[in-house]
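Reviewing the structure listed below.
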């Protein structure tokens, strides 16, 4: 089978398409024929070597975390899936390797694909959905009528944060690029700010929760926007942020929370239920499997609404059946 790998750290030019042996499965695993793989910023942080202190120097390495596909084979102890079932899931983030034609995955790490979603949208669901529900319910504990600023409200995580916060009854101010204005309005945001025209740091309102998904609104800039008792959620922390936040949280009413997304099946199941009820999963752009270098270069440089997704050979993003 074919798989995208890299033998050293560097820009997207280090990625190559290789023929590798098809994976074998253990008794508790499922063999998945991959149909779609989502692009995440963590992908290029890994292959560029930004996190080599965590990933080490063992090569070759694969790329890609979130995927959707069809069950090809199940291990003898697997009862939850049968061949032909449409599924989606995510690999361990710092290992990756989803950008391949087949994957061997533990059965307990897979979920049935929501019937309303295409392959591409199912692949775009796990990380964004889990991150968002953990921001809204665990870190910020957003309550009805809370005043919430979401900076980057139509990105891969922000699209879910905005919609879930609205489901929790919050009054959302969505800060977006010009191309995201219509989406944020459609989701019922109380106010939509085009940050290309209006600097977010200059907003006059005070918020109960500030969620920065862009990495461009640090706590120091967000503090004047925060109510005396409020929460700032940092989704792009560095070690200094973690240390300072832990100290400050002991005495300040303006709390700092760090997103460290964890895989929680029950939360992902809840997000799937909301999707079945109509919550949108946004795929801003799709690429062919073989466009991996171009895709990573473009998405890193230009961004996209929601997620960008690779479609494997033969898969389409037309309709809920995704075939």
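The values are calculated or read from the model by the stated rules, or taken from the named source; none is laboratory data. Owing to the predicted nature of the structure, the values given are computational and were not obtained by experimental measurement. When we count neighbours, we look across all protein chains shown, and the Cβ atoms used for this are built from the backbone with ideal geometry, even at glycine.
Residues that are assigned to a helix (DSSP H, G or I) and at pLDDT 85 or above: does the range 253-264 have at least one?
Among the residues of the range 253-264, not one is assigned to a helix (DSSP H, G or I) and at pLDDT 85 or above, which makes the answer no.
Which of the residues that make up the range 103-127 are part of a strand (DSSP E or B) and surrounded by fewer than 20 Cβ atoms within 10 Å (Cβ to Cβ)?
104, 106, 112
Can you pull out the residues in the range 265-299 that are in contact with a strand residue (DSSP E or B) (Cβ under 6 Å, 6 or more places away or on another chain) and either assigned by TED's automatic domain parsing to the domain that holds residue 140 or not in a helix (DSSP H, G or I) (or both)?
Passing the criteria: 282, 283, 284, 285, 286, 287.
Just one of (1) at pLDDT below 95; (2) surrounded by 14 or more Cβ atoms within 10 Å (Cβ to Cβ); (3) in contact with a helix residue (DSSP H, G or I) (Cβ under 9 Å, 6 or more places away or on another chain) trips up residue 303, so point out which.
With (1) at pLDDT below 95; (2) surrounded by 14 or more Cβ atoms within 10 Å (Cβ to Cβ); (3) in contact with a helix residue (DSSP H, G or I) (Cβ under 9 Å, 6 or more places away or on another chain) applied to residue 303, the lone miss is (3).
Hey, does the range 202-211 have a residue that's under 27 Å from residue 90 (Cα atoms) and crowded, with 24+ Cβ neighbours inside 10 Å?
Yes, the range 202-211 contains at least one residue that is under 27 Å from residue 90 (Cα atoms) and crowded, with 24+ Cβ neighbours inside 10 Å.
Give the residues of the range 1-14 that are under 25 Å from residue 72 (Cβ atoms) and part of a strand (DSSP E or B), sorted by residue number. Lay out the reasoning, then the answer.
Here is the first cut: in the range 1-14, the ones under 25 Å from residue 72 (Cβ atoms) are 1-5.
Selection gives 2, 3, 4, 5.
Among the candidates 33, 64, which residue alone is part of a strand (DSSP E or B), surrounded by 16 or more Cβ atoms within 10 Å (Cβ to Cβ) and at pLDDT 95 or above?
33
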